[in-house]
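Since the structure comes first, as structure tokens, the remarks are kept for the end.
Readers should treat all values here as calculations from the given coordinates under stated rules, not as data from a laboratory. Because the structure is a prediction, the values reported are computed rather than measured. Note that we place each Cβ from the backbone using ideal geometry, even for glycine, and neighbour counts take in every protein chain shown.
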Amino acid sequence: MLANFDSLYSLFEAFPDEQSCIDHLRAIRWRDGEFCPYCGGAKIYHFSDRKTHKCGECGERFSIKVGTIFENTKLPLRKWFAAIWMITNHPKGIASVTLAKDLKITQKSAWFMLHRLRHAARTPSFNAPLKGDVEADTTFVGGKEKNKHAKGGKQGGAGKAELRAEHVADHKAKTLQGKVRQNVAKCSAVLADEAMAFVGLDKDFTHLAVNHSAGEYVRLGGFVHTNNIEGVWALLKRQIVGIHHWVSPKHLQRYVDEMTWRYNRRDMKPSPRMNDIFACVEGRLR
């Protein structure tokens, strides 16, 4: 049975030692059955130390951390669990400098730890296109203030709306419309602003726009707006400017993934939200 926790204090109560963390990780990773991280074999032998196992097919000995973002880590899982709590439950995430102080580790270790967790929070692919009323918008991160996205609308996000966000190299129509077509089902209503890059979407969608440059933020009795996605950009900016202060273009997508992961789970309670990232820990980040 998986532990439940609604605060950082109760997290440490639920996991008083390293073995309890190992047991929790094993319960989630092997919830559908035991397997070998090397060959995928299902014949697994368990050693009395409760920390290591051996595959009956390939003969390899391993711990439950092999093949995950925790592989070869020198930090105890309790510190990892604390970091996961903070990155999943603080609305704007946590800075590596702050995490280093809180966990009593180096800033370099905290930075790499957070990037491993952002690697787990990524969304490599989507199972189905978005349908219904879909808001599409862009924002600039960094650069001159005059080139950044104009502010407007209120923060939205109520309900079960799904967010998809991606760092793109340019603002051209071919690029942006390609992303819309890649993620949105045909004949859906695409709600956007007056940006010329979105002109032409009416070939495949019902394209409705508001004119932000003219001070218009809502049309058709409140149906046409980009308030929800504007709120997302505000959240991203507060995360970057308020918490991290600066991020490099190289790693920007990872910060976007982190924000998107939290946003799409904003209605979940702390314990299920934290457990959800444990289900995504497969794969090393080197």
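Place a +1 charge on the Cβ of each Lys and Arg in the range 1-126 and a -1 charge on the Cβ of each Asp and Glu, then give the dipole magnitude about the Cα centre in debye, rounded to the nearest 20. The partial results should precede the final answer.
On the way: 19 positive and 12 negative charges, 94 e Å.
Magnitude of the dipole: close to 440 debye.
Provide the percentage of antiparallel DSSP beta bridges, counting only those with both residues in the chain; round to the nearest 5. Present the calculation step by step, with values, prior to reporting the outcome.
Values: 8 of 17 bridges.
Percent antiparallel among DSSP bridges in the chain is about 45.
Among Asp17, Asp193, rank each residue by its count of other Cβ atoms within 10 Å, from fewest to most, as a rough exposure measure.
Working: Asp17 11, Asp193 25.
With the sparsest Cβ surroundings first, the list reads Asp17, Asp193.
For a quick check: with amide H placed at 1.01 Å from N, whose amide H comes under 5 Å from Thr52's, ignoring anything fewer than 5 positions away on the same chain?
Phe47
Would you please name the chymotrypsin sites (Phe, Trp or Tyr not before Pro) within the range 1-104 that are DSSP coil residues with at most 13 other C-beta atoms within 10 Å of their C-beta? Walk me through the numbers before you get to the answer.
Numbers: sites: Phe5, Tyr9, Phe12, Trp30, Phe35, Tyr38, Tyr45, Phe47, Phe62, Phe70, Trp80, Phe81, Trp85; in loops: Phe5, Trp30, Phe35, Tyr38, Phe47, Phe70.
Filter output for the range 1-104: Trp30, Phe47.
Extension gain Phe223-Ser7, at 0.36 nm per residue separation less the Cα-Cα distance, in nm? Don't skip to the answer; put the middle values down first.
Working: separation 216, 0.36 × 216 = 77.76 nm, distance 3.84 nm.
Result for the pair: 73.9 nm of gain on full extension.
Below 8 Å between Cα atoms, with a sequence gap of 6+, how large is the relative contact order for the range 1-110 in percent? Don't skip to the answer; put the middle values down first.
Numbers: 105 pairs, mean separation 19.3, N = 110.
Reported as a whole number, the value is 18 percent.
Given points 7 Å out from each Cα along the Cα-Cβ axis, report the Thr139 to Asp49 separation in nanometres with one decimal.
In this crude spin-label approximation the distance works out to 4.7 nm.
For a test of the definition: using alpha carbon positions, the gyration tensor, and the 1.5 limit on a/c, classify the range 176-286 as rounded, prolate or oblate. It would help to have the intermediate numbers written out before the result.
Details: a/c = 1.88, a/b = 1.72, b/c = 1.09.
Note, shape of the range 176-286 comes out prolate.
Determine how many Å³ per residue the convex hull of the Cα atoms of the chain encloses.
On the way: hull volume 44.5 nm³, N = 286.
For the chain, the hull spanned by Cα atoms encloses 156 Å³ per residue.
For the pairs Lys131/Lys174; Lys79/Lys269; Lys108/Lys174; Lys51/Lys92; Lys108/Lys172, note any where the Cα-Cα span goes beyond 32 Å. Present the calculation step by step, with values, prior to reporting the outcome.
Values: Lys131/Lys174 21 Å; Lys79/Lys269 21 Å; Lys108/Lys174 39 Å; Lys51/Lys92 34 Å; Lys108/Lys172 37 Å.
Listed pairs above 32 Å: Lys108/Lys174; Lys51/Lys92; Lys108/Lys172.
Which distance in nm do the two modelled labels at Lys101 and Asn183 give, with both placed 7 Å along the Cα-to-Cβ direction?
Label-label distance for Lys101 and Asn183, simple model: 3.5 nm.
Every cysteine in the chain with no other Cys Cβ under 4.7 Å from its Cβ, please list them in numeric order.
Cys21, Cys187, Cys280
Beyond 20 Å, what share of the Cα-Cα pairs of the range 71-141 is found? Please give it as a whole percent.
Values: 1093 of 2485 pairs.
Every Cα pair in the range 71-141 considered, those over 20 Å come to 44 percent.
List the chymotrypsin sites (Phe, Trp or Tyr not before Pro) in the range 163-248 that DSSP assigns to loop (not H, G, I, E or B) and whose Cβ has at most 14 other Cβ atoms within 10 Å. Which are they? Please list the in-between numbers first.
Numbers: sites: Phe198, Phe205, Tyr217, Phe223, Trp233, Trp246; in loops: Phe205, Tyr217, Phe223, Trp246.
The qualifying sites are Phe223, Trp246.
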